[in-house]
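Everything below concerns the one structure shown next.
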Amino acid sequence: MGLHTPPTPPMVLLILLVGVLLPPLMSVVGACEPEQLVQGCRLEEGACVCGLGCDTVFRFATREQCQAALKEKEKDPCEDNPCRNGGVCSQILREPGYQCLCVNTGYYGRACHKKCPSPKQFTSGLDARFPVDCMVI
């Protein structure tokens, strides 16, 4: 006589799905607010790559826009690595088509080209703000 295991209840399957499969999916999507989650496309190594992610990841809203850019020989704005000092380039919809992520580089600015001030060097005026990319948590 063989052992018989009862069928898995639907609630157990739901818990398995949410507890095991959803976290890896969320890490792929990235850390962004739900209202920033969009579907879009970007240029990568001469091809259009489309998917779901944060709105700052995609330069094009549709595959058609991306393919039209390829036909016009538009290149990936991050291809020449405009970010200095270890900054990470990310394609975006706004011009110039990229942004530099300078966190943990010791630099800030459009191309991670400005040295971060130390908190001691920084004098807080009414309109002065400590650069976010320079904050260490």
Quick one: would you say Thr5 is in a loop (DSSP other than H, G, I, E, B), under 22 Å from Glu74 (Cα atoms) and modelled with pLDDT under 80?
no
Looking only at the stretch 53-88, filter to residues that are of a type in the set (Asp, Glu) and modelled with pLDDT of 85 or more; which one of those is farthest from Gln36 (Cα to Cα)?
Asp80
For the stretch 65-83, pairs from a residue that is closer than 14 Å to Arg42 by Cβ to a residue that is small (Gly, Ala, Ser) and open to solvent by less than 40 Å² (accessible area, probe 1.4 Å), with Cβ under 6 Å and 6 or more apart or across chains, are Pro77/Gly97
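The values are calculated or read from the model by the stated rules, or taken from the named source; none is laboratory data. Quick caveat: nothing in here was measured; it's all calculated off a predicted structure. Note that each Cβ is placed from the backbone with ideal geometry, even for glycine, and that neighbours are counted across all protein chains shown. Note: areas computed on protein heavy atoms with side chains; ligands, DNA, RNA excluded. Shrake-Rupley method; radii C 1.70, N 1.55, O 1.52, S 1.80 Å.
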